[in-house]
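To start, the structure itself, in structure tokens.
None of the figures in this text is laboratory data; all of them are computed from the coordinates on show. A quick note: this is a predicted structure, and the numbers were derived from the prediction, not measured. Here the Cβ positions follow ideal geometry from the backbone for every residue, glycine too, while neighbour counts run over all protein chains shown.
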């Protein structure tokens, strides 16, 4: 299933499918590019930033950035 | 006096590196963004003295915030400076991204693979010889907090040279 990076749930994993063109270079320096596997670690409330895991390293992204990255979500986890 | 810039991603240990090399005492802390302005210090090499500048951490050379702007401006002002690119061995990809960007701009670079112990703990294996032969610049594993690898870094400063990005791409191609 495809969704925005900002819509991923806690601990959900996915692969980056597309990144808006003008954002590509900006996030490449943080290790995020098309084909990379990501895992959602923290989502801060009140439209705050989120932390994702890439290659075993954590990186934080503003919501406005995460909104412009599309991921293919791997597995769906249940949340209680 | 030859100038050396310490560059790297945020929170990889550049300031610890700086303190070790110069004997200064700048503030180190365990979170990104500690250095937002630059600090200058001096180091005695075996044959010459160096001026070392601790640059704020940056992910790339396209600045996104104030600290990164300072970093890029410093790099542009110090044409001809030598760069020690400190990268976190456990987060090597984003580090190498910056290394390549700096190489692309024609600066001579020495790569310090810092936090080597952390990478080992995480079971990350890095083939240094291969990395050296691809990049054709010195690559030294270091542990800044304990001082491991510093001697080699200083000794390899002489071997730092600017290389063409095209050559590197070709060598990467050969490996595949």
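Structural remarks
- Take each residue in B:89-99, count the other chain C-beta atoms within 10 Å of its C-beta, and the mean is 4.
- Mean partner shielding of peptide A:21-30, defined as the number of other chain Cβ atoms within 10 Å of each residue Cβ, is 4.
- Cα gyration tensor category, rounded, prolate or oblate, for the range B:95-176 with a/c compared to 1.5: oblate
- If you wrap the tightest convex hull around every Cα atom of the range A:2-73 and split its volume per residue, you get 69 Å³.
- Relative contact order for chain A: 44 percent, from Cα pairs under 8 Å spaced at least 6 residues apart, divided by residue count.
- The range B:110-154: C-alpha gyration tensor shape, a/c 1.5 cut-off, then a/b vs b/c: oblate
- Cα-based shape type of the protein assembly as shown, given that a ≥ b ≥ c are square roots of the gyration tensor eigenvalues and the cut on a/c is 1.5: prolate
- Relative contact order for the range B:2-175, counting Cα pairs under 8 Å that sit 6 or more residues apart, in percent: 21
- DSSP beta bridges in the range B:2-175 [antiparallel fraction, %, rounded to 5]: 25
- Förster radius 22 Å - calculated FRET efficiency between residue B:145 and residue B:171, Cβ distance, rounded to 0.05: 0.10
- Per-pair calculated FRET efficiency, R0 = 25 Å: residue B:37 and residue A:53 via Cβ, rounded to 0.05: 0.20
- Centroid-to-centroid separation of the range A:13-80 and the range B:155-176 [C-alpha atoms, Å]: 31
- Rg over Rh for the range B:2-175 works out to 0.93, both radii taken from alpha-carbon positions and Rh defined as the Kirkwood radius.
- Estimated FRET transfer efficiency when R0 is 22 angstrom, pair residue A:18-residue A:64 (beta carbons, to 0.05): 0.85
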